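Shown next, in structure tokens, is the structure this report addresses.
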Amino acid sequence: MKLSDLTKGSTVLLGVIVAGYVSTTYVDHRFAAPLKPANAPAPTSSPTPTNGPAPSACVDADGRWMNWPWPNVPTLSPKCK
């Protein structure tokens, strides 16, 4: 192996690592839920507990997803009632 081959390979590897880090921080800033500040006041009233289960993801009659906030879509989800 020549020194130039080692330099090219190291440069490509470093570029891939930097690109992965930059894209990860972009995704974290763009899509992650914002954190609650440490000095934020506590809520004044407690939320009421729900007795029923959370609504599940389903496909509407026109093909839209209901109750599914993420961009990925589960396969074989049921039709909405």
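The values are calculated or read from the model by the stated rules, or taken from the named source; none is laboratory data. Owing to the predicted nature of the structure, the values given are computational and were not obtained by experimental measurement. All Cβ positions, glycine included, derive from the backbone under ideal geometry; neighbour counts span all protein chains shown. Side chains are part of the model used for accessible areas, which takes the heavy atoms of the whole protein and leaves out ligands, DNA and RNA. Shrake-Rupley method; radii C 1.70, N 1.55, O 1.52, S 1.80 Å.
Just name the residue that is farthest from the chain's Cα centre (by Cα) out of those in segment 42-64 that are surrounded by 10 or more Cβ atoms within 10 Å (Cβ to Cβ) and at pLDDT 80 or above. Here the answer is Asp60. A count restricted to segment 1-41 and to residues that are open to solvent by 100 Å² or more (accessible area, probe 1.4 Å) and modelled with pLDDT under 85 stands at 11.
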